[in-house]
Amino acid sequence: MSRVPPSGTADLDGGAARTGTSWADVEVAVPDGGAARTATSWADVEVAVPELAARVRRRFTARTHLTMATVRADGAPRISGIEVTFRDGQLWIGLMPGSVKAQDLARDPRLALHSPTVDPPTDDPSRWPGEAKLAGVALDGEGTWFGHGPSAHDVVETGGWVHLDVREAVLTTIAPDPDRLVIESWHPGHGDRRRERT
């Protein structure tokens, strides 16, 4: 598998090249015959909540190895190591040939990603950079749900890249009062939210 995701944008949005920081809307066919919805790219998150998106991205790029959750054939969760990259307004996920996580996504494209984590500093927990989570649906290069387009078999067999239709972005940090967690989140169509938990 190439360690570099596809470059350029002309083949990813039906031929229209992307300019600036926004990403052309991609219509996603719902496999159960329901109404199509518009996918949310990483660039869309950056436009909607730029400060939160920047902090989430810093957590995801702080180290190379992340954690991804997928759904097994029996419906149970699977946790796997994963590497991602941000490119061309998308978050790309690399899949090795024959990997079980690729097979999981071909059956059910839902996934969740967790950033690398470090322990909070004992002398000042509020300096902890936090942990980030993203959840959504894997899309192939044509912008359809992975597993419901023609490229899924090739990716499962030979490896390749999928990108994330972002359904949720979450950042958890510690407040200056170290007894409180701060949870900032964003969902497309619902906006951002900040909660504190003791």
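The values are calculated or read from the model by the stated rules, or taken from the named source; none is laboratory data. This structure is a prediction, so every number in the text was calculated from the model and none was measured. Methodologically, a virtual Cβ is constructed for each residue, glycine included, from the backbone with ideal geometry; neighbour enumeration extends over all protein chains shown.
When the residues of the stretch 97-119 are filtered to those that are outside any loop (DSSP other than H, G, I, E, B) and of a type in the set (Gly, Ala, Ser), the one that is farthest from residue 61 (Cα to Cα) is 106. Taking the stretch 104-127 as the search range and keeping residues that are under 30 Å from residue 175 (Cα atoms) and of a type in the set (Gly, Ala, Ser), which one is surrounded by the fewest Cβ atoms within 10 Å (Cβ to Cβ)? Taking the candidates together, the pick is 126. Identify, please: which residue in the stretch 166-176 is buried (at least 22 other Cβ atoms within 10 Å of the Cβ) and out of contact with any Ser or Thr (no Cβ under 6 Å at 6 or more places or on another chain) and is, among those, farthest from residue 99 (Cα to Cα)? This residue is 171.
Given the options 28, 4, 84, 71, name the one that is under 16 Å from residue 167 (Cα atoms) and either modelled with pLDDT under 60 or not basic (Lys, Arg) (or both). Talk me through it step by step, then tell me what you get.
Working: 4 fails: under 16 Å from residue 167 (Cα atoms); 84 fails: under 16 Å from residue 167 (Cα atoms); 71 fails: under 16 Å from residue 167 (Cα atoms).
The match here is 28.
Report yes if some residue within the stretch 128-145 is of a type in the set (Asp, Glu), free of Cβ contacts under 8 Å to residues at least 40 places away in the same chain, closer than 22 Å to residue 73 by Cα and surrounded by fewer than 16 Cβ atoms within 10 Å (Cβ to Cβ); otherwise report no. No, there is no match, as no residue in the stretch 128-145 is of a type in the set (Asp, Glu), free of Cβ contacts under 8 Å to residues at least 40 places away in the same chain, closer than 22 Å to residue 73 by Cα and surrounded by fewer than 16 Cβ atoms within 10 Å (Cβ to Cβ). Taking residue 91, is it in a strand (DSSP E or B) and either within 20 Å of residue 169 (Cβ to Cβ) or acidic (Asp, Glu) (or both)? It is true that residue 91 is in a strand (DSSP E or B) and either within 20 Å of residue 169 (Cβ to Cβ) or acidic (Asp, Glu) (or both). Of the residues 67, 122, the single one that is of a type outside the set (Phe, Trp, Tyr) and assigned to a strand (DSSP E or B) is 67.
Would you confirm, using the coordinates I've provided, whether residue 158 is touching a residue at least 40 places away in the same chain (Cβ under 8 Å) and surrounded by fewer than 16 Cβ atoms within 10 Å (Cβ to Cβ)? Break it down into steps so the answer makes sense when it comes.
Values: touching a residue at least 40 places away in the same chain (Cβ under 8 Å): yes; surrounded by fewer than 16 Cβ atoms within 10 Å (Cβ to Cβ): yes.
Judged against the criteria, residue 158 is a match.
Looking across 166, 156, one residue alone is in a helix (DSSP H, G or I) and either on the phi < 0 side of the Ramachandran plot or among the acidic types (Asp, Glu) (or both). It is 156. If you check 47, 56 for being aliphatic (A, V, I, L, M), touching a strand residue (DSSP E or B) at 6+ places or on another chain (Cβ under 9 Å), at pLDDT 90 or above and part of a helix (DSSP H, G or I), only one passes: 56. May I ask you to verify whether residue 93 is surrounded by 19 or more Cβ atoms within 10 Å (Cβ to Cβ) and either more than 18 Å from residue 152 (Cα to Cα) or β-branched (Val, Ile, Thr) (or both)? Against the criterion (surrounded by 19 or more Cβ atoms within 10 Å (Cβ to Cβ) and either more than 18 Å from residue 152 (Cα to Cα) or β-branched (Val, Ile, Thr) (or both)), residue 93 qualifies.
Taking the condition more than 23 Å from residue 48 (Cβ to Cβ), without any contact (Cβ under 8 Å) to a residue 24 or more places away in the chain, surrounded by 12 or more Cβ atoms within 10 Å (Cβ to Cβ) and not polar (S, T, N, Q), does residue 180 pass?
Numbers: more than 23 Å from residue 48 (Cβ to Cβ): yes; without any contact (Cβ under 8 Å) to a residue 24 or more places away in the chain: yes; surrounded by 12 or more Cβ atoms within 10 Å (Cβ to Cβ): yes; not polar (S, T, N, Q): yes.
Here the answer is yes, as residue 180 does meet what is asked.
Out of 166, 170, 182, 155, one residue alone is among the aliphatic types (A, V, I, L, M) and modelled with pLDDT under 90. It is 155.
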